[in-house]
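Data first, discussion second: the structure below is written as structure tokens.
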Amino acid sequence: MTAAAFDFHGAGLLADASGALYWPAKETLAVADLHLEKGSAFAANGTLLPPYDSRETLRRLQAVLRRHRPRRVICLGDSFHDTDAAGRLPAEDAATLCRLTKAHEWIWITGNHDPDAPADLGGIAAREFRADRLVFRHEAAAHAAGEVSGHFHPKASVPARGRAVGGRCFVTDGDRLILPAFGAYAGGLDVRDPAIEELLGSEYTVLILGRARVHAFRRSRMLRVEAPRLL
Amino acid sequence: MSLAEAAVRKTSADAQELLPDRFAGWFAGRGWRPHAHQLALVAAAQAGRHALVIAPTGGGKTLAGFLPSLIEISEAGAEGLHTLYISPLKALAVDVHRNLETPIAEMRLPVTAETRTGDTPQHKRQRQRERPPNILLTTPESLTLLLSYPDAAKLFRGLRCVVLDEIHALAGTKRGDQLALCLTRLQAIAPGCRRVGLSATVAWPDALRAWLATDANAGSVDLIAGGESVDAQVGMLATREQMPWSGHMAVHALPEVYEEIRRAGTTLVFVNTRAQAEIVFQELWHLNEDNLPIALHHGSLAREQRRKVEAAMAAGRLRAVVATSSLDLGIDWAAVDLVIQVGAPKGVSRLVQRVGRSGHRLDVPSRAILVPANRFEVLECRAAIDAVREGTLDGDPPQPGGFDVLAQHVMAMACAAPFHPDELYREVTRAAPYADLGRKDFDDVVAFVDHGGYALREYERWRRLERLPDGHYKAVSPAMVRRLRMNIGTIVEATTLKVKILRGPVLGEVEEYFALGLEEGDTFIFSGQMLRFVGIREMTVEAVRAGGDAPQVPAYVGGRLPLTTHLAERVRAILARPARWHELPDQVREWLDIQRWRSCLPEPDWLLVESFPRGRKHFMVAYCFEGRNAHQTLGMLLTRRMERAGLAPMGFVATDYVIAVWSMKPVGNVQALFDEDMLGDDLEAWMDESSMLKRTFRNVAVIAGLIERQYPGERKTGKQVTFNSDLIYDTLRRHEPQHILLRATRRDAARGLTDIERLAGMLKRAKDRILHRRLDRVSPLAVPVLLEIGKERVDGEAVDELLDEAAQELIAEATDRRP
């Protein structure tokens, strides 16, 4: 896996192909929308999804942590799919998570799915986190500059050989940066959807996650809106 | 095996003995004599035997299916439901019902007959369950739904006969698996029920008999050959034009096709893909100086539009219909004089069925003309004509049934009444597709239905079944029952978007991948019109009508079938026997002659591989003749190997006949490159990653009930939560690779992918039998495939490569200095 380097509001950042953001100068890694225990949340309604999404999300998180070895980790909210999710974590996964929060300075930004931080998994909770000229929060706020957020699960496609190719993406207009969802069962919303596009300036860049690399495209190159499809 | 060789059970019984006076009189009154197969069926029914009638379309076999029931009911009377008729198409059920009402009315029989489909109003469906007609005509999906109700046992208790129409089109598909399972339940409810199957000619009649049997045993079903088959006159269009080197549209030949349409009364023009349908239709209209009524019919058009065309055809108001496989099945049109197949037929059985759509007035031979679109297709058409003349057919016999369909069936049975696993296992294994189902697999399916069946972490609190103290299972709640009924069926539609004229009508639907590839201002042909893409809004492609002749985006492909093994072998045989080339058009013969002089011809037992430089690249072309799907897999495996060997492969393109790969460095040891272990090495790794497996998993997950169906319109309102099944696939594959749904996915992939077997067979044959020709330039036989480069759609594996390519195009655009 490789990462793409770019400047954002005076900070040199890396968009990792896993969907994580790394800020080498601050040894800080950010991930958005882990949605832990999303699978079991659906089981109650008879949709018995494979109950391995938390395990898979944590596995990917451990892999990116090994790659960049950050000092600080910021989870940008909606880390847990619902308020009971932390309690449903299988013991093994909870233990993995505890090890990670203990080994790093761990910040749980609170989100709409998880308004409170987990009680006994380590880390500290905050509504936002600032460092230099950047501010990290869950959902983009009005008139922000240097803001890093999640919440929208952006994805994008570009035309290639008469079809659409794409996937999860980072999107930035220079003032804002929205991260892709990191969770194994977290789907996406096309960046051309008004919910995302209205937040951004008239021109913006997407960094699409390929299988092993990150690919940058300008807005003008992208495709029309795809209907919101996946949660 | 030809029909003549098949075990045909003939009846010598006289019509007078078998038919009651009322029926004999009716036949006589119409000036008809009952067909031998109609009488044979009456005799089989009287003997209490199951029967399979194999006859070409329009042989009167559908009426034959009902004849014994009509006699029985009118002689002995019937309380409630006596006969169930199942058709793969709603429209066919409706049409058969209409035809059935004629003898009922004319003989004043005390018989009631009704259809039941998704279109039947709710109050009527309710009434049908309480007071059923004597004969109910329905579809496999409606039958599954009926069997999921607690009153199913009461409804079907008196059932005497099931008539299954067009079963060649169902056996071996998931709909067929589901129907076979439903039949086992019907048999459990009404053990004396007789089965009658109606089928077009197939290569494997015994497998079909076993499929129809109540004990998966071919011997317990009588085979009745019906419809005195009339020889078909099949020819190839001898074009005056230059025969194209590549392409599939046969535009060169359409003026001559138009002439044929003008000369014939009514013509069916069959094509292989929706894109061909659009373009052929468009071109015919350009040529249509006489303003002949010519219509278009394919599966992406709006349903009302298709019904209109079918009605106009039935009423004899059309001179020609351009159609895809959307018209392969269904209503008989006696008035069709001529069938034209544009593009190579790809398979013999399908060609025979298509040809059979013409000349239904008995003793008039069917007339058909094949129109090859390029030089290779000439060979294929020649091979197909030989096969039709010699009566050899292709196609594979039905494979074992899917676990996903079984899961849906288990849930449906749990909704009807509590079931005991031991009894249900015995019941389902009476169906041929599940006759070899192991108990462990069955138990895993039940565990999946119950609680997801995950090995490492059990959903204890959330179950779909409740286990009763006596070991029976039942649906845990009314919500689960509703959920099953909402999701019944095995047809999983690809995500499609409607195509709509801006402030105008809806024209039909296209698959999502096509719609998302369009950019504002792009023109494309759809529904016989040139359209300009405006945008996508609310799951609808909005477009305006546009002028001009040449669309910027090639039309929507849809439904391409690979060449069958049988036809491929015949093509190879023609190539290997120059003595037979006098049967080929001059241009094609010259092409082969030059090939023989410049390189050599592929021989049946040898794999010919040519390599030559071109531009700054090195090309390798292998003449495998294993069909496009197998070649695509081969292309992917070859490039992986070449990558490792440091040959810097740059791309490949596959046709039905050959595969071409190009690289920076030339291939030295071809024999090693094609080594058999290629399949073991890379195949598994590739398969698991492939978009094909992900697509298969999505279908399995929906059918098995892991995720719910998407209904158009509900997606936007967010009423339904939809899942990206790729995410689930990736996670499940990593953490529980042996889960029943992944096993189901691999099984399905293997059954859809006889292509892998074809590939394995080819590599085995090629061992030490590769003829490698190094040439200084491209050979005549290699030209067609090189012309395909760049036109090919690439599948989803190469995400990074495609994204790089898209970025490169951007750079080229940005740095282009031309005005």
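We did not get these values from a lab; they are worked out from the coordinates using the rules stated. Only a predicted model underlies this, so the values are computations on that prediction, with no experimental measurement involved. Backbone-built Cβ (ideal geometry, glycine too); neighbour counts: all protein chains shown.
Multiply the residue gap between B:D337 and B:D677 by 0.36 nm, knock off their C-alpha separation, and tell me the result in nm, one decimal place. Let's see the in-between values first.
On the way: separation 340, 0.36 × 340 = 122.40 nm, distance 5.20 nm.
Full extension of this stretch gives 117.2 nm more.
Can you tell me the length gained on complete extension of the stretch B:K308 to B:D396, counting 0.36 nm per residue apart and subtracting the Cα distance?
Working: separation 88, 0.36 × 88 = 31.68 nm, distance 3.45 nm.
Fully extending the segment from B:K308 to B:D396 adds 28.2 nm.
Counting only other chains, what is the mean number of Cβ atoms within 10 angstrom of the Cβ of each residue in peptide A:36-48? Please report the intermediate quantities before stating the final value.
Numbers: counts 0, 0, 2, 6, 4, 0, 4, 6, 3, 6, 12, 10, 14.
Per residue, the number of nearby Cβ atoms from other chains is 5 on average.
Placing unit charges on each Cβ (+1 for Lys and Arg, -1 for Asp and Glu) gives the protein assembly as shown a dipole about its Cα centre, and among B:W591, B:A414, B:Y459 the Cα reaching farthest toward its positive end belongs to B:A414.
Using R0 = 45 Å, the C-beta based FRET efficiency linking B:L561 and B:K440 works out to 0.80.
Taking the beta-carbon count within 10 Å as an exposure proxy, list B:D165, B:D436, B:D441, A:D33 from fewest neighbours to most. Mind dumping the intermediate values first?
Numbers: B:D165 23, B:D436 11, B:D441 17, A:D33 26.
The order, fewest Cβ neighbours first, is B:D436, B:D441, B:D165, A:D33.
Which chymotrypsin sites (Phe, Trp or Tyr not before Pro) does region B:27-86 hold that lie in a coil by DSSP with at most 11 other beta carbons within 10 Å?
Working: sites: B:F27, B:W32, B:F66, B:Y85; in loops: B:W32.
In loop regions of region B:27-86 (DSSP not H, G, I, E or B), the sparsely surrounded chymotrypsin sites (Phe, Trp or Tyr not before Pro) are B:W32.
Would region B:3-225 count as rounded, prolate or oblate if I go by the C-alpha gyration tensor, calling it rounded below 1.5 in a/c and otherwise prolate when a/b exceeds b/c, oblate otherwise? Here region B:3-225 falls in the oblate category.
Please order A:Y204, A:Y185, B:Y434 by the number of other Cβ within 10 Å, starting at the fewest.
Working: A:Y204 21, A:Y185 29, B:Y434 25.
So the residues, fewest neighbours to most, are A:Y204, B:Y434, A:Y185.
Please give the FRET efficiency for A:A63 paired with A:R127, using the beta carbon to beta carbon distance and R0 = 25 Å, rounded to the nearest 0.05. Once rounded, the FRET efficiency stands at 0.30. For region A:37-83, trypsin sites (Lys or Arg not before Pro) meeting the loop criterion (DSSP other than H, G, I, E, B) and having at most 14 other Cβ atoms within 10 Å: A:R71. Taken along the Cα-to-beta-carbon direction at a fixed 7 Å, the label points for B:E75 and B:E106 span 2.1 nm. The label point for A:A119 and the one for B:A479, both projected 7 Å from the Cα toward the Cβ, are 2.6 nm apart.
When Rg and Dmax are taken over the Cα atoms of chain A, they come to 16.7, 51 Å.
How big is the convex hull of the Cα atoms of the protein assembly as shown, per residue, in Å³? Please list the in-between numbers first.
Details: hull volume 195.3 nm³, N = 1050.
Considering the Cα atoms of the protein assembly as shown, their hull volume per residue is 186 Å³.
The label point for B:T120 and the one for B:D328, both projected 7 Å from the Cα toward the Cβ, are 2.8 nm apart. Using the Cβ of B:A152 as centre and a radius below 11 Å, the other residues enclosed give a net charge of +3, where K and R count +1 and D and E count -1. Dipole magnitude for chain A: about 1040 debye, using +1 per Lys or Arg Cβ and -1 per Asp or Glu Cβ, origin at the Cα centre. With the charge dipole of region B:3-225 set up from +1 on Lys and Arg Cβ and -1 on Asp and Glu Cβ about the Cα centre, the Cα lying farthest toward the positive end among the listed residues B:P140, B:G31, B:L198 is that of B:P140.
Placing unit charges on the Cβ atoms of the charged side chains and taking the dipole of the protein assembly as shown about its Cα centre, the candidate lying farthest along the positive direction among B:A218, A:A186, B:I488 is B:I488. A simple charge model with +1 on the Cβ of Lys and Arg, -1 on the Cβ of Asp and Glu and nothing else charged puts the dipole of the protein assembly as shown at about 320 debye relative to its Cα centre. Largest GNM mean-square fluctuation across A:L49, A:L14, A:L189, computed for chain A with C-alpha springs under 10 Å, falls on A:L49.
For a test of the definition: using alpha carbon positions, the gyration tensor, and the 1.5 limit on a/c, classify region A:42-150 as rounded, prolate or oblate. Intermediate values should be presented prior to the final figure.
Working: a/c = 1.96, a/b = 1.36, b/c = 1.44.
It comes out oblate by the Cα gyration axes.
The mean count of C-beta atoms from other chains within 10 Å of the C-beta of residues in B:726-737, rounded to a whole number, is 5. When B:Y425, B:Y454 are sorted by how many other C-beta atoms sit within 10 angstrom of their C-beta, beginning with the fewest, the order is B:Y425, B:Y454. Cross-link pairs exceeding 32 Å between alpha carbons, from the set B:K617/B:K767; A:K38/B:K694; B:K61/B:K440; A:K38/B:K440; A:K38/A:K102: B:K61/B:K440. May I ask you to list the lysines whose Cα is less than 16 Å away from that of B:K308, ignoring any residue fewer than eight positions away on the same chain? Straight-distance partners of B:K308: B:K90.
Compared with the dominant Cα axis of chain A, that is its longest principal axis, helix A:91-103 is turned about 70°.
Computed FRET efficiency, Cβ-Cβ of A:R99 and B:L787, R0 56 Å: what is it to the nearest 0.05? Result of the calculation: an efficiency of 0.40.
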